[in-house]
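The values are calculated or read from the model by the stated rules, or taken from the named source; none is laboratory data. Remember, it's a predicted structure, so these values are computed and weren't measured experimentally. Glycine gets a Cβ as well: all are built from the backbone with ideal geometry, and neighbour counts include every protein chain shown. Ligands, DNA and RNA are excluded from the accessible area calculation, which covers all protein heavy atoms including side chains. Shrake-Rupley method; radii C 1.70, N 1.55, O 1.52, S 1.80 Å.
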Amino acid sequence: SSLDKEIDKEETDKEEIDNEETDKEEIDKEPKDLHVHSELLSNHFSKLLESKMGESQDKSITLNDSDISYESLEIILNYLYTGKLPIIESYDNWITLLCDASKFFIPTLVQRCEMELRSYLNHDNLNEVKTIANEYGAEQLLRYCDNFEPPLSQQLIETS
């Protein structure tokens with residue numbers, strides 16, 4: 001019947017989508033090469049280079065997600081080359097970037113993250129932000145947290 005054919009087609013389409021998603025996940029796990037000038041690496045990633053280059057003879061280093069995510073590394077390298085950041089619209093992404101910028105000793109990027117994170121600060125995440133700021137040496141953000149007063153509009157909502 002035509003109804004059976006439609007159901008079979010839907011199931012086949014769903015299987016193809018599932019296979020495409022599986023293929024995509026496997027592709028995302030494949031190593032990716034980024035070519036970076038050695039001067040930039042030695043200026044900003046010297047600690048990482050010392051630990052990773054000792055095992056490599058071909059002037060390449062391999063980073064894992066435990067070191068830094070590929071997306072975060074791309075953002076940082078672009079920032080180091082251009083001084084610009086992409087549009088980052090989430091609290092979690094700013095926190096991740098702050099942590100990575102601190103881990104790789106990029107103070108100007110840490111400061112930029114500190115400035116942006118101020119707009120996300122509220123009473124619900126104040127302690128979390130303070131802990132992260134303290135752990136990653138984000139002194140300006142830590143001081144901002146210590147003196148935090150929510151905007152008047154937020155105060156009115158909280159007291160209602």
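Tabulated data
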read-out: Filter pass, residue 87 being closer than 25 Å to residue 71 by Cα, of a type in the set (A, V, I, L, M) and open to solvent by 60 Å² or more (accessible area, probe 1.4 Å); value: yes
read-out: Number of the exception - residue 133 against (1) closer than 30 Å to residue 33 by Cβ; (2) buried (at least 18 other Cβ atoms within 10 Å of the Cβ); (3) modelled with pLDDT of 90 or more; value: (1)
read-out: In the range 90-107, the residues that are open to solvent by 60 Å² or more (accessible area, probe 1.4 Å) and of a type in the set (D, E, K, R); value: 92, 103
read-out: Selection status of residue 91, over 12 Å from the mean Cα position of the chain (by Cα) and touching a residue at least 12 places away in the same chain (Cβ under 8 Å); value: no
